[in-house]
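Right, one structure below, let's go through it.
The values are calculated or read from the model by the stated rules, or taken from the named source; none is laboratory data. Remember, predicted model here, so these are calculated numbers, not experimental data. Glycine also receives a Cβ, built like all others from the backbone with ideal geometry; neighbour counts cover every protein chain displayed.
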């Protein structure tokens, strides 16, 4: 019985291979392949030499982000001879001071008795309650007033002469920030 199974398998395998054998149906393909192999071999051009470009260090961390609108500085007028403006660098930072003003948006107000609070969305999508006197933004911005459609604040920024100057900023409802 084993011999019969082996011989039957050999016959079937031979018939299958014979059926796949070369007929005239692929003659044109064989002719094309022979023609392609007879063609002269092409020459591959060498790769161009790569010139080493000296590294460039981009240093624009002290410049305005090109993705934020320019800030128009409106100086807050004080009496001459008054107190010199300087930020309190020893003060504990509040949470919203880690975000630039351009990334903060006013989303509403909340009134509890006589107190009015502003609702501000940060760049991460969190909403925070702020009130007059709180700080927000990276330029020491202190909230002066909260209205139905805007939050007014005063920022303390460098004046370019190793000093500081105050400027007013407005964060409007919907997130458009104006200098």
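The single residue among 68, 77 that is closer than 30 Å to residue 144 by Cα, modelled with pLDDT under 75 and touching a helix residue (DSSP H, G or I) at 6+ places or on another chain (Cβ under 8 Å) turns out to be 68.
Taking every residue in the range 104-119 that is in contact (Cβ under 8 Å) with a residue 24 or more places away in the chain and at positive phi and pairing it with any residue that is assigned to a strand (DSSP E or B) and buried (at least 17 other Cβ atoms within 10 Å of the Cβ), at least 6 positions away or on another chain, the pairs with Cβ-Cβ distances below 9 Å are 108/118; 108/119; 108/173. The single condition among (1) closer than 26 Å to residue 90 by Cβ; (2) free of Cβ contacts under 8 Å to residues at least 40 places away in the same chain that residue 169 does not satisfy is (2). Please go through the range 92-103 and pick out each residue that is surrounded by 16 or more Cβ atoms within 10 Å (Cβ to Cβ) and either within 18 Å of residue 149 (Cβ to Cβ) or touching a residue at least 40 places away in the same chain (Cβ under 8 Å) (or both). Within the range 92-103, 96, 97, 101, 102 qualify.
Selection of the range 118-145 for residues being under 26 Å from residue 84 (Cα atoms), more than 25 Å from the chain's Cα centre (by Cα) and part of a strand (DSSP E or B) yields 135, 142, 143, 144, 145. Selection over the range 154-164 of residues that are touching a residue at least 40 places away in the same chain (Cβ under 8 Å) and part of a strand (DSSP E or B) gives a count of 5.
Determine if the range 22-41 includes at least one residue that is at pLDDT below 70 and surrounded by 10 or more Cβ atoms within 10 Å (Cβ to Cβ). No, the conditions are met nowhere in the range 22-41.
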